[in-house]
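Accompanying notes for the structure given below.
The values are calculated or read from the model by the stated rules, or taken from the named source; none is laboratory data. Predicted model only: the values in this text are computed from it and were never measured. Neighbour counts run over all protein chains shown; Cβ positions are idealised from the backbone, glycine included. Calculation scope for accessible area: heavy atoms of the full protein, side chains included, ligands and nucleic acids excluded. Shrake-Rupley method; radii C 1.70, N 1.55, O 1.52, S 1.80 Å.
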Amino acid sequence: MASYDFSAPRLFVDAALGAGLAHALDRSQHNYLINVLRLSEGEDVIVFNGRDGEWRAIVRLPSRKQAALEIAQQLRPQTPAADLDYLFAPLKHARLDYMVQKAVEMGAGRLRPVTTRRTQVARVNLERMRANAIEAAEQCGILSLPEIDEVAPLADVVATWPSERTLVFCDEDAAQADPIAALAAVRGPVAILIGPEGGFDPAEREMLMALPSVVRIGLGPRILRADTAAVAALTLVQALAGDWRREPADPESLRRITRR
């Protein structure tokens, strides 16, 4: 995406987008665009909502305390979220924020917090997760926001696991020394599972390995923190079995994503 104009402000708006429509800025959006970025009447902002693609919008200032965006031109049509599920044991706030942002940047299309026997965090703020997902999407040119599931016990998730989706089970005790070789033959829908700080319980390993579509891998010779493991696992899967293998976007469509 070298031709993408990352200098243009980019904003998620939870409203319909279409030529000629107007979007009234809420207090936080107004503060960000007008007070922080100091945008003026007639300047451009790139907007998206996860449904209608990406659009160029024009700042309108009907008064000193009011601001709106006039939706002008579609820059990119909507694309579906990547068919990649990311399952993880919940972490404490700062590390969970980081992990969610990186998972979205790396192309996770669905975030699925699961509780394990050694999970140390029982409650997850889903609204905070969504805010972090939106921030990552705004900054990285992503069009589709990931689904965010309610927290579920790992045993319940495994009991209803679809046979057509490969589960990449990241386990520090995995005997497989070469994760690249283990993932080389993976095709089709994929999910990644990262456990808690204390690792998986032996009974959980046995339960996971009983799945017909599981691939168990290690992530190198060092024990990684859960948020670091997320980036490592997502990198491996995207490079070997995910959307990094696809053809790059049409250069002509990227050239259209510029400021007026």
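With r as the distance between the Cβ atoms of GLN120 and ASP156 and R0 = 22 Å, compute the FRET efficiency 1/(1 + (r/R0)^6) and round to 0.05. Before the final figure, lay out the partial values.
Values: r = 19 Å, r/R0 = 0.88.
With a Förster radius of 22 Å, E is 0.70.
Where the centroid of each part is defined by its Cα atoms, how far is the range 119-156 from the range 45-67 in Å?
When both Cα centres are located, 25 Å separates them.
Quantify, in whole percent, the carbon and sulfur part of the accessible surface of the chain (1.4 Å probe; protein heavy atoms only).
Numbers: 6690 of 13280 Å².
Looking at the chain in its full context, I get 50 percent from C and S.
Tell me what the chain gives for mean residue ellipticity at 222 nm when only DSSP H runs of n ≥ 4 count, each as -39,500 (n - 2.57), the sum divided by the residue total, rounded to 500 deg cm²/dmol. Can you show the working numbers first?
Details: 8 runs with 72 residues, N = 260.
Here the helix-only value at 222 nm equals -8000 deg cm²/dmol.
Working only with C-alpha atoms, what are the Rg and Dmax values of the range 141-237, expressed in angstrom?
That works out to 13.6, 41 Å for Rg and Dmax.
What residues from the range 90-110 fall in the zone where the backbone N is under 20 Å from a label point 7 Å along the Cα-to-C-beta line of TRP244?
What the label zone holds, given the 20 Å backbone N cut-off, is 99-110.
I'd like to check one number: the per residue accessible area of the chain, probe 1.4 Å, reported in Å² as a whole number. Can you show the working numbers first?
On the way: 13280 Å² over 260 residues.
Per-residue accessible area for the chain comes out at 51 Å².
Pairing the Cα long axis of helix 226-241 with the longest principal axis of the chain, what angle in degrees results, from 0 to 90 and rounded to the nearest 10?
90 degrees
Taking only Cα atoms, what is the 0 to 90° angle, nearest 10, from helix 93-105's long axis to the longest principal axis of the chain?
Orientation of helix 93-105: about 80 degrees from the principal axis.
Taking every pair of distinct Cα atoms and averaging 1/r, then inverting, what Kirkwood hydrodynamic radius in Å comes out for the range 1-100? Present the calculation step by step, with values, prior to reporting the outcome.
Details: mean 1/r = 0.0652 Å⁻¹.
Kirkwood hydrodynamic radius for the range 1-100: 15.3 Å.
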